[in-house]
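The values are calculated or read from the model by the stated rules, or taken from the named source; none is laboratory data. In this text, all values refer to a predicted model and were calculated from it rather than measured experimentally. All Cβ positions, even for glycine, are placed from backbone atoms using ideal geometry, and neighbour counts span all protein chains on display.
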Amino acid sequence: MTPPAESGGDALWADGWYRFARRLDSPNFGPRPAGALVDLIVVHSISLPPGVYGGDEVQRLFTNTLDWEAHPYFKSIEGMQVSAHFYIRRDGALWQFVSCDDRAWHAGPSSYRGRSNCNDDSVGIELEGLEGETFEAAQYEALAVLSSAIAQHYPVVHVAGHEHIAPGRKGDPGSGFEWAELQRSLGWADERFAFLRS
Ligand SMILES: [Zn+2]
């Protein structure tokens, strides 16, 4: 007998915070709509400046503490207030900024599995990286472990990239991300990766 999703993995979660993530609270979030069915994981990539790894600029962006004058690129995103639930560094280190019980601001205008405004009912995971470039084995491992833990606690039945929920507008994580490797690690059915067959 399979326990209901909401009773699984409770030791891993407290109020939507994952026990094994380093917590850094972002002010950029809000409540999910009443009755939101959190059934989607959205995979992103980010680095600031693009292609530069290892600094704290992403954490600063998500906590509204980035110095917009510190790099020319930052001027192009000045004032942006965004967040994701999770951020996975190149070495697999995991950060969490918003409780998964709340609505993070990672997707923007988006639509997937017949529903729009994917921020309402998804969990957003950023990988430190660059569109079109590859990702590290430690990141796939961390992403698989995290996704599995999320699915123990929330009724996740879909995984997609930002590029799939906002096609034409967003391109991350991009062609360097190996969806087949993630699916293999998770052992999840094709149905959860519907975009791969569409
Ligand atoms: Zn994205």
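Can you go through Gly124, Gly129, Gly176 and tell me which one is surrounded by fewer than 20 Cβ atoms within 10 Å (Cβ to Cβ) and not aromatic (Phe, Trp, Tyr)?
Working: Gly124 fails: surrounded by fewer than 20 Cβ atoms within 10 Å (Cβ to Cβ); Gly129 fails: surrounded by fewer than 20 Cβ atoms within 10 Å (Cβ to Cβ).
The match here is Gly176.
Go through the range 131-168 and count every residue that is within 18 Å of Glu181 (Cβ to Cβ) and part of a loop (DSSP other than H, G, I, E, B).
Count: 6.
Give the range 81-108 a look and list any residue that's farther than 15 Å from Phe20 by Cα and either within 12 Å of the ligand (Cβ to nearest atom) or modelled with pLDDT under 95 (or both), or say none.
The answer is Val82, Ser83, Ala84, Ala104, Trp105, His106, Ala107, Gly108.
Looking at Ala36, Ala5 in this structure, which one is more than 17 Å from Ala93 (Cα to Cα) and at pLDDT below 95?
From the options Ala36, Ala5, the qualifying one is Ala5.
Mind listing whichever residues of the range 148-198 are within 16 Å of the ligand (Cβ to nearest atom) and of a type in the set (Ser, Thr, Tyr)?
Ser175
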